[in-house]
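Structure, as structure tokens:
The values are calculated or read from the model by the stated rules, or taken from the named source; none is laboratory data. Worth saying up front: this structure is predicted, and the values here are computed from it rather than measured. Ideal geometry is used to build each Cβ from the backbone, glycine not excepted, and the neighbour counts take in all protein chains shown.
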Amino acid sequence: MSGPKYVSLVLTLLTAAASASSQQRAELPVLSIKTDLVSLSVTVVDRRGALVPGLRAEHFTVYDNGEPQTIQFFSSEDVATTIGLLVDSSRSMRGRRDDVTAAATAFADMSHPRDEFFTLNFNEAVWTGLPPQIAFTEDTGQLRAALSAAPALGMTAVYDAVSRGLAHLRRGTRDRKALVVISDGGDNASRERLDDVVQSARASDAVIYSVTFVDPDNRDERRHVMKTLARETGGRAFLVKNAKDVLPAFAQIAREIRSGYTIGFEPSDTSGGFRSIRVVADAGNDDQLVARTRAGYYAGPSR
């Protein structure tokens with residue numbers, strides 16, 4: 001499969017050899033078993049939109065192309081995540097960058113202590129905020145410096161930034177992956193096509209969140225684009241009207257990332273192409289729960 005996340009289970013058989021005259025370390029044989037699982041990051045909210053913790057595997061049903069699947073892996077633990085912060089540095093963001101930097105830094109402080117971060121700035125170009133020799137950082141001070149260094153000028157290439165962010169996430173070492181895109185929602189400079197970016201997002205196991213500034217005078221605004229990317233990956237799109245709304249949006253994203261569930265299953269049907277995913281959560285009471293996850297994955301021969 002090209003879409004599923006590959007999970008390698010390594011079982012190490014320990015043997016010890018003892019001798020009356022000397023002790024020698026025996027070779028440790030390693031048996032590796034590889035199985036292809038589809039790994040889903042799942043967020044559950046109630047009818048009021050509040051996060052729902054404490055659910056167990058039996059509270060979930062996973063449907064692959066409409067067929068229920070057997071859940072083979074389940075975790076509700078708060079695990080470390082690889083997170084990319086994609087920050088609009090175009091002219092239209094002038095006057096907002098300081099607030100974005102402060103909110104993103106606070107977001108890092110609210111995140112898991114072992115989360116690793118990278119930043120991409122974008123106007124009509126896309127460039128890394130961290131020094132070239134540093135792919136990721138856990139250092140909040142280093143992250144703050146990376147976020148505050150970019151000027152606000154030029155046009156906007158959101159699609160190019162998301163495409164590059166998805167590629168950079170693949171280098172991450174944490175089990176979960178997320179992109180947070182901060183922009184005014186417009187795109188007037190990308191080389192990438194939206195359809196191709198959506199396809200790349202579908203093929204990734206990343207969850208995409210967005211914080212979009214609403215500006216009625218922005219003729220390039222495409223807020224539906226970020227909603228589409230969030231919906232396809234199980235994330236969420238936040239619309240903010242002014243700087244004071246940015247920090248609450250980041251705080252909610254941090255909570256969602258840390259409160260999520262991870263569910264893995266091995267598909268009963270491995271026919272190729274895009275396969276739709278639906279997750280249903282039912283706690284066995286009268287609560288109406290909504291489970292968000294990616295819309296599907298691409299199946300095919302294992303690479």
Notebook entry, point to check: Within the set of pairs 6+ apart or on separate chains, which have a first residue in the stretch 100-128 that is among the aromatic types (Phe, Trp, Tyr), a second that is assigned to a loop (DSSP other than H, G, I, E, B), and C-beta atoms under 7 Å apart?
Noted result: PHE117/PHE136; PHE118/LEU130; PHE118/ALA135; PHE118/PHE136; PHE122/SER89; PHE122/ALA157
Next item on the list: Check ALA243, ALA201, ALA237, ALA251 and return the single one that is of a type outside the set (Asp, Glu), in contact with a helix residue (DSSP H, G or I) (Cβ under 9 Å, 6 or more places away or on another chain), surrounded by fewer than 18 Cβ atoms within 10 Å (Cβ to Cβ) and at pLDDT 95 or above.
Entry: ALA251
Checklist line | Total residues in the stretch 104-121, condition in contact with a strand residue (DSSP E or B) (Cβ under 9 Å, 6 or more places away or on another chain) and acidic (Asp, Glu) | finding: 2
Next item on the list: Could you pull out the residue among LYS227, LYS244 that is in a helix (DSSP H, G or I), more than 28 Å from VAL79 (Cα to Cα), of a type in the set (Lys, Arg) and assigned by TED's automatic domain parsing to the domain that holds LEU120?
Entry: LYS244
Next item on the list: Exactly one condition in (1) part of a loop (DSSP other than H, G, I, E, B); (2) surrounded by fewer than 14 Cβ atoms within 10 Å (Cβ to Cβ) is not met by VAL280; state its number.
Entry: (1)
Check: Which of the following residues is of a type in the set (Ser, Thr, Tyr) and without any contact (Cβ under 8 Å) to a residue 40 or more places away in the chain: SER200, SER268, SER276, SER183?
Finding: SER200
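If we scan the stretch 113-133, do we find a residue that is in a strand (DSSP E or B) and farther than 26 Å from VAL225 by Cβ?
Yes, some residue in the stretch 113-133 is in a strand (DSSP E or B) and farther than 26 Å from VAL225 by Cβ.
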